[in-house]
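What follows draws every value from the coordinates through simple rules; no lab data is involved. Note that the structure is a prediction, hence the values are computed from the model and not measured. Neighbour counts are summed over all protein chains in view; Cβ atoms, including those assigned to glycine, are modelled from backbone coordinates with ideal geometry.
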Amino acid sequence: MDGFVRVPISEQEPKVRATNFEEVCLGYTEEEAVKEAERCLNCKNPRCVGGCPVSINIPAFIQEVKNRNFEKAYEIISESSALPAVCGRVCPQENQCEGQCVRGIKGDAVAIGKLERFVADWAREHGIKPHSDAPKNGHKVAVIGSGPAGLACAGDLARLGYDVTIFEALHKTGGVLVYGIPEFRLPKDKVVAAEVENVKNLGVKIETNVIIGKSITIDELMEEEGFEAVFIGSGAGLPRFMGIPGEQALGVFSANEYLTRNNLMKAFKDLDTPISRGKKVVVVGGGNVAMDAARTALRLGAEVHIVYRRGEEELPARAEEVHHAKEEGVIFDLLQNPVEILTDDKNQVTGIRIIKMELGEPDASGRRSPIEIPGSEYDMDCDTVIMSLGTSPNPLISSTTVGMEVNRRGCIVAQEETGATTKNAVYAGGDAVTGAATVILAMGAGKTAAKGIDEYFKNH
Amino acid sequence: MYPILRKEVLADKIILMDVKAPRVSHSCLPGQFIIAKIDEDGERIPLTICDYDREKETVTIVVQTIGASTERMALLEEGDSFEDFVGPLGQPSELCMEENLEETKKLNIVFIAGGLGTAPVYPQVKWLHEHGVDATVIMGSRTKDLLFYIDEMKAVAKEVYVTTDDGTYGFHGMGTNQLQALVDEGKHYDRCVAIGPMIMMKFVCKLTKELEIPTIVSMNPIMVDGTGMCGACRLIVDNQVKFACVDGPEFDGHLVDFDLAMARMAQYKTEEGRKKLELEEGDTHHGGCGHCGGDK
């Protein structure tokens with residue numbers, strides 16, 4: 001190895017993994033991790049840290065890996081991140097830490113994400129848990145939602161001595177980590193449940209089956225249950241549809257429904273909750289969620305097409321997910337867009353009418369906007385269509401909380417530097433504020449709000 | 001865990017349970033529903049709230065065994081617990097809101113409950129009675145063995161008319177026939193609330209449209225999370241997509257696309273399940289198979 005190429009990582013063979021729900025990436029061994037860690041130049045001015053939304057001291061933990069002090073490496077990561085085994089698996093590292101790595105200028109960036117994952121997995125396998133010796137300060141804080149934003153915020157507040165309770169609407173903790181991201185990318189029992197346990201070990205209490213805005217409101221939590229501050233990390237849960245004919249037919253699902261049935265309710269294990277096992281599935285959209293839905297459908301036995309209105313370069317999904325999807329046999333129909341879903345007399349999907357697109361001038365997002373090519377429509381047979389067009393925030397909380405502003409898109413208005421909303425002592429972060437984004441950005445917002453809440457108590 | 005404090009068999013395959021659920025019992029209102037899950041591997045099952053007791057912190061649910069999950073639920077006994085019990089979900093009934101009470105008092109209201117629909121109708125009639133509004137109730141089922149809560153309903157309603165499709169109890173006919181008969185007698189209603197199988201609500205709405213009685217229905221489509229996340233429960237109401245779990249479950253019945261809603265109920269039905277339903281329901285097959293459109 002000349003130092004320009006990263007240590008390759010073992011993965012399940014594409015043909016094998018396309019038929020099971022086991023994790024795709026097998027992770028580094030100790031030897032491989034140490035070898036990869038040796039590629040880190042330990043830069044004086046580590047640009048990778050600036051690329052990390054939670055500012056993990058990356059060179060420091062990698063040096064510890066190099067020296068085989070894995071426990072110390074875990075302690076360094078834990079100072080900044082409550083969910084390293086999750087982030088090592090699902091962060092878009094190529095745009096963050098690894099995108100900044102000096103090694104990447106002439107060759108491969110250091111595999112920071114894979115090393116983070118190695119350290120977190122090693123710690124779990126060796127029974128090492130994060131701990132906090134901070135004295136309790138007696139202040140009660142409620143955290144709404146047990147997804148990445150909520151867990152990060154709760155973990156940091158507990159380390160500062162706060163008495164934190166997380167309220168989760170679903171029956172399981174983890175938010176998008178359990179209902180959205182599939183098992184083959186993020187094992188639920190082994191990884192997610194273990195990291196949630198770690199947060200609980202810091203003293204955080206979790207109450208499931210509580211829908212804030214329905215079971216109890218934020219105002220009631222503060223007035224009747226003694227919570228002095230609240231963090232809202234409720235995510236962006238409402239699925240979008242296209243508004244094209246045939247969208248209400250049998251066989252048309254939101255990616256949320258499809259993934260929730262499979263991931264949260266474990267339909268792939270043939271338990272009580274059913275899932276439609278299509279023979280030919282069309283997934284509309286090009287983000288990470290679309291890749292997850294497509295690769296799930298593939299594992300349930302279908303031929304799968306991804307239909308996306310822009311081109312390969314514009315695919316919003318992580319490069320690794322696109323690469324994995326292609327390896328497994330997902331077919332990409334790019335620069336194409338559905339105009340109608342075709343149905344039979346029982347209202348069951350029989351196909352989809354698609355129009356071809358070309359790219360025009362850059363739009364407001366800076367991406368070249370797709371334009372329909374007149375007369376290019378064609379029909380594709382299929383029995384299932386999965387709409388993966390993004391999500392918007394759920395109004396359940398904002399509509400039941402007095403004095404908290406939302407913007408035009410229904411997102412909660414919060415200050416970027418502190419997470420403070422327009423309501424006193426109420427903070428927010430993650431997808432509920434930004435609209436659908438990534439796990440790590442939500443975690444970053446959760447951490448920012450924890451600091452903001454701590455400041456609030458110091459000033460009151 | 002949410003323990004079952006009382007279990008009672010109300011009628012053939014219809015079971016009532018009082019479940020200890022403090023948060024739900026404190027905040028629920030008539031018209032809302034809950035989601036219950038038996039254990040780790042169970043399905044999330046939406047169930048209507050039949051009654052609640054804020055002091056005892058219990059919520060009363062009524063379950064009809066119609067599939068694997070509800071059959072499993074029926075095996076639970078007093079002292080057993082649900083692993084998960086979440087709610088209240090959906091919007092409360094507009095007729096049962098303090099802020100609308102003055103308007104509601106001016107109305108002559110008729111409820112039509114079909115089959116299990118008696119369960120969600122009861123707390124509404126009870127709430128109205130406690131707030132000085134007495135409503136008329138027509139409660140019907142296919143046959144005598146499926147009737148329940150007649151005495152409870154009589155205690156809170158102005159008058160109760162019971163119907164059976166096969167004539168084994170009360171008025172021989174459907175709820176729609178009874179309503180027509182009452183109107184023919186000269187009774188006048190300003191508002192109708194119809195809750196029951198979709199096919200029954202569809203035909204009630206057809207009639208009340210002719211009779212020009214504004215009608216509210218409570219929709220019970222397939223759901224997963226019940227908080228607006230999955231979109232499985234989407235309906236077309238007034239040509240717009242609505243989610244029954246967060247926008248409903250109650251809607252203006254004259255604006256609901258029932259044919260689409262009934263077709264969507266068939267999504268996860270198996271051939272085997274459809275045949276079983278048709279066999280059990282025989283001549284009175286109500287379209288619950290989601291396959292035949294219910295038009296017989």
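Where does the range B:151-250 land on the Kirkwood hydrodynamic radius, alpha-carbon pairs, in angstrom? About 15.4 Å for the range B:151-250. Using the Stokes-Einstein relation with a Kirkwood hydrodynamic radius computed over Cα pairs, the translational diffusion coefficient of the range A:148-240 at 37 °C and a viscosity of 0.692 mPa s comes to 232 µm²/s. Converting phi to 3J(HN,Hα) with the Karplus coefficients 6.51, -1.76 and 1.60 and the offset θ = phi - 60°, the range A:48-65 yields 4, 4, x, x, 9, x, 10, 6, 5, 6, 5, x, 5, 6, 5, 4, 5, 5 Hz in sequence order, with x at every glycine or proline. The label-point distance for B:GLU94 and B:HIS26, in a model that sets each label 7 Å from Cα toward Cβ, rounds to 3.0 nm.
Global dimensions of the range A:255-330 from alpha-carbon coordinates: Rg and Dmax equal 12.3, 40 Å.
Convex hull volume per residue, computed on the Cα atoms of chain B, equals 128 Å³. A cut-off of 5 Å between modelled amide H atoms, ignoring neighbours fewer than 5 places along the same chain, links B:ILE216 with B:CYS192, B:VAL193, B:ALA194, B:GLY253. Across chain A, C-alpha contacts under 8 Å between residues 6 or more apart give a mean separation that, scaled by the residue count, equals a relative contact order of 16 percent. Using only the C-alpha atoms, the convex hull of the range A:14-125 corresponds to 114 Å³ per residue. In a reduced charge model with +1 at each Lys and Arg Cβ and -1 at each Asp and Glu Cβ, the range A:198-274 shows a dipole moment near 540 debye about its Cα centre. Built from the Cα atoms of the range A:238-391, the convex hull projects on average onto 9.5 nm², one quarter of its surface area. Would you kindly give the portion of the calculated P(r) for the range A:85-211 that falls above 21 Å, as a percent of all Cα pairs? Cα-Cα pairs in the range A:85-211 separated by more than 21 Å: 48 percent. In this rough spin-label picture, where each label sits 7 Å from Cα along the Cβ direction, the B:VAL241-A:GLU358 distance is 3.0 nm.
For the protein assembly as shown, the mean residue ellipticity at 222 nm estimated from helices alone is -8500 deg cm²/dmol, where every DSSP H run of n ≥ 4 contributes -39500 (n - 2.57) and the total is divided by all residues, rounded to the nearest 500. Largest first, the extents of the alpha carbon coordinates of chain A on the three principal axes equal 67, 61, 48 Å. With neighbours defined as other Cβ atoms within 10 Å of a residue's Cβ, the residues B:CYS192, B:CYS245 order from fewest to most as B:CYS192, B:CYS245. Peptide A:207-220 shows a mean partner chain C-beta count of 5 within 10 Å per residue C-beta. Taken over the range B:94-218, the percentage of Cα pairs per 10 Å bin, counting from 0 up to the bin with the maximum distance, is 14, 49, 33, 4, 0. Database remark: amide H of A:THR343 closer than 5 angstrom to the amide H of A:THR350 (H placed geometrically; neighbours at sequence offset of 5 or more, or on other chains; Pro and chain starts carry no H). For the range B:233-245, the Karplus equation 6.51 cos²θ - 1.76 cosθ + 1.60, evaluated at θ = phi - 60°, returns couplings of 8, 5, 9, 9, 10, 6, 6, 10, 6, 10, 9, 4, 6 Hz by residue, with Gly and Pro reported as x. Since only B:SER27, B:ALA181, B:LEU5 are under comparison, the one whose Cα sits farthest along the positive direction of the charge dipole of chain B, derived from C-beta charges on Lys, Arg, Asp and Glu, is B:ALA181. One chain, two ends: A:VAL16 and A:ASN424. Fully extended at 0.36 nm per residue, the span grows by 141.5 nm beyond their Cα-Cα distance. With coordinates expressed along the principal axes, the C-alpha atoms belonging to the range B:14-142 extend over 48, 35, 22 Å, beginning with the largest. Across peptide A:237-245, the mean count of Cβ atoms from other chains lying within 10 Å of each residue's own Cβ comes to 3. Given their separation in residues at 0.36 nm each and the Cα-Cα distance between them, A:SER369 and A:GLU327 gain 12.3 nm when the chain is fully extended.
Directionally averaged projected area (the range B:2-89, Cα convex hull): 5.1 nm². The spacing between the range B:1-57 and the range A:79-139, judged by their C-alpha centroids, is 43 Å. With q set to 0.18, 0.26, 0.27 Å⁻¹, the log10 of I(q)/I(0) for the range A:231-275, from the Debye formula over equal scatterers at the Cα positions, is -0.68, -0.95, -0.97. Binning the C-alpha pair distances of the range A:21-62 at 5 Å intervals from 0 yields a P(r) profile of 5, 20, 20, 18, 18, 12, 5, 1, 0 %, listed from the shortest bin outward.
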